[in-house]
Structure formats: C-alpha cells, structure tokens
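Read the structure below first, then the notes.
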Amino acid sequence: MSRVVHNRIAIFRADAGLSRRELAEVVGVNPQTIGFLERGDYKPSLELALAIAEHFGVAVEQIFSFEAFPSLSQQLNMRS
Amino acid sequence: MAYQTSRGVAWIDRATKKLTETPDGADRLSRWLVFGFTTLMLSLALMGLVMAVYGSDRGSLVAFFGMMGGLFVRLAFQRGIHFGGGTDERERLLAWKSMAVASGIVCCLLIFWMLANGAYDGVQLWVPETAKQWHALAFASLASVQGLASMVVVLLQPPYLPDADEEFGV
C-alpha cells in the first residue's frame, strides 16, 4: 500500500524566511532533498519528519498529512 | 551527522563550473565525466577478463585495476556516495537501489552462464581453469556491479545546479 503524504514545508519555510539550503543545513540533508519533499516526490523517514517539525516548533501532523492541506486562500475564506 | 558534500564532488563541481561557466553546464559535464570514467574502468575490467580467457597471466591484474579504478570514481566523485561525508537518507536509498539493480543484472548473467554450462552437454562455454582466470572473473563481476550501479545513479540523480537551487526549483 502506498499512500500520498501531503506536506506544507514550503509554506512553513517561506514563513520562517528560510531558503531550501538553510533548512537543509538545519535538518542535515542535501538541499535537493528539501525540494523533493516539497514537490511530494519523496516521503521522509520519521526521523527527518520529526526534525523538520521540531525546527518549526509544531507537531509533525501540522506539516505532514494523508489529507491534502487547504490552500492559504481557502483558509482565509473559511475565516472570513 | 550534519550533511556535507564530499570533497571530490565539491572539487569536480568547482572545476567544471569554471570550465563551463554555468551551473547547468557544470552539472551536465560532471555527470558525464563520472559516467565516462566509470565506463572506461568497466571496459578495463572486462578487457582483463577477455585477456584472462585468452590465457594472459596479466588479465587478472588488469581486471583488478579496472575494479579499483571504478571503486575510486564511485567513492570520490559520485554525488551522494562517499565515505566520511553525511549522505542523507534519500541519497543512501538511491545508492542501495542502484546496487540492487546492478547486482541483480550481474547475478542474472552469471546464473544464465552457469545454467547454460550445465544444461547443454557438448556446448562448450568458457569456464575458468586457473586461479588467475577465477580472479579475473571475480574482479570483472565486481567491477560490473559497481560500474552499472554508478551509471544508474548518474541517470537517476536529478540535476544539481549548485548555486541556483531556489531559482530553478531544484
């Protein structure tokens, strides 16, 4: 069984003002791997997922999910 | 362990970037340099095997140098595969996957060779007879595994684009 793992690393990264290279250095991976994760071409290990969540100071399910995350515009429309 | 690029890869990146003056060109050139040298070393090892088949005593030595040359290229210049550096989990996965594909191909060929030798009475395939011929066969087999693995990695790794990660969306 292979399920799609959605993530919003790019949003958290942009919010923190980090480049892929900087995030990669923090979590100890190749900058290419961050690109792979953001595009959904690679599923991270639990260790890497936790390291990314730890860096942004949120729970891992806030960044990775089996369900697609709503877009920013959808979230803003829901609030207003 | 923090991630760090291998010195060999960093050197080849710098040299090819200086030569081609574009990150895209540098990536392509370094990739094909690794591919080219790997092919050369693999050919050397196979040439050693052929020499051994035709009775040359130096065949096993040539195959040995081909194998060691391929190993050196793989460890020093293959992106994502090197000792002492921090390859990350995706690169390790790619490295093991390439080894699995390459060793599978070589094992299938060896099994075919053994079956063909055993099944067809009277059909004379080559069989090693001296110690040096066995050595040459072993070195050529190992060289084939690592050479094919290096080629698979070169083909599967995405473009690197060292200084343009953000712009090019790598």
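The values are calculated or read from the model by the stated rules, or taken from the named source; none is laboratory data. If you're wondering where the values come from, they're calculated on a predicted model, not measured in any experiment. Ideal geometry is used to build each Cβ from the backbone, glycine not excepted, and the neighbour counts take in all protein chains shown.
Take the conditions among the charged types (D, E, K, R) and away from chain B (no Cβ under 14 Å) and apply them to A:GLU54. Does it pass? Criteria met by A:GLU54.
Taking A:PHE12, is it away from every other protein chain (no Cβ under 14 Å) and under 22 Å from B:ASP88 (Cα atoms)? Taking the combined requirement at face value, the residue satisfies it. Across region A:1-36, the qualifying residues are those that are part of a helix (DSSP H, G or I) and β-branched (Val, Ile, Thr), and the one among them that is nearest to the chain's Cα centre (by Cα) is A:ILE9. Would you confirm whether any residue within region A:67-78 is of a type outside the set (Lys, Arg), surrounded by 12 or more Cβ atoms within 10 Å (Cβ to Cβ) and within 14 Å of another protein chain (Cβ to nearest Cβ)? Taking every residue of region A:67-78 in turn, none turns out to be of a type outside the set (Lys, Arg), surrounded by 12 or more Cβ atoms within 10 Å (Cβ to Cβ) and within 14 Å of another protein chain (Cβ to nearest Cβ). Of all residues in region A:37-52, those satisfying the criterion of being crowded, with 19+ Cβ neighbours inside 10 Å and not in a loop (DSSP other than H, G, I, E, B) are A:LEU37, A:LEU48, A:ALA49, A:ILE52. One residue stands out in region B:37-66 among those that are more than 21 Å from B:MET151 (Cα to Cα) and among the hydroxyl-bearing types (Ser, Thr, Tyr): the one that is modelled with the lowest pLDDT, namely B:SER56. Scanning region B:67-95 for residues that are at pLDDT 80 or above and within 14 Å of chain A (Cβ to nearest Cβ) returns B:ASP88, B:GLU89, B:ARG90, B:GLU91, B:ARG92, B:LEU93, B:LEU94, B:ALA95.
Among residues of region A:57-68 that are farther than 14 Å from A:SER45 by Cα and without any contact (Cβ under 8 Å) to a residue 60 or more places away in the chain, those with a Cβ under 9 angstrom from a residue that is part of a loop (DSSP other than H, G, I, E, B) and of a type in the set (Lys, Arg), sequence gap 6+ or separate chain, pair up as A:GLN62/A:ARG8. Would you check which residues across region A:32-80 are under 12 Å from A:ASN7 (Cα atoms) and of a type in the set (Phe, Trp, Tyr) and list them? Residues satisfying the conditions are A:PHE36, A:TYR42, A:PHE64, A:PHE66, A:PHE69. Applying a threshold of 9 Å to beta carbon distances and a minimum spacing of six or more residues, or different chains, the list of pairs starting in region A:33-51 at a residue that is in contact (Cβ under 8 Å) with a residue 40 or more places away in the chain and ending at one that is of a type outside the set (D, E, K, R) is empty.
Going through region A:30-50 one residue at a time, which ones are among the aliphatic types (A, V, I, L, M), out of contact with any strand residue (DSSP E or B) (no Cβ under 8 Å at 6 or more places or on another chain) and within 11 Å of chain B (Cβ to nearest Cβ)? Once the filter is applied, which keeps residues that are among the aliphatic types (A, V, I, L, M), out of contact with any strand residue (DSSP E or B) (no Cβ under 8 Å at 6 or more places or on another chain) and within 11 Å of chain B (Cβ to nearest Cβ), region A:30-50 yields A:ILE34, A:LEU46, A:LEU48.
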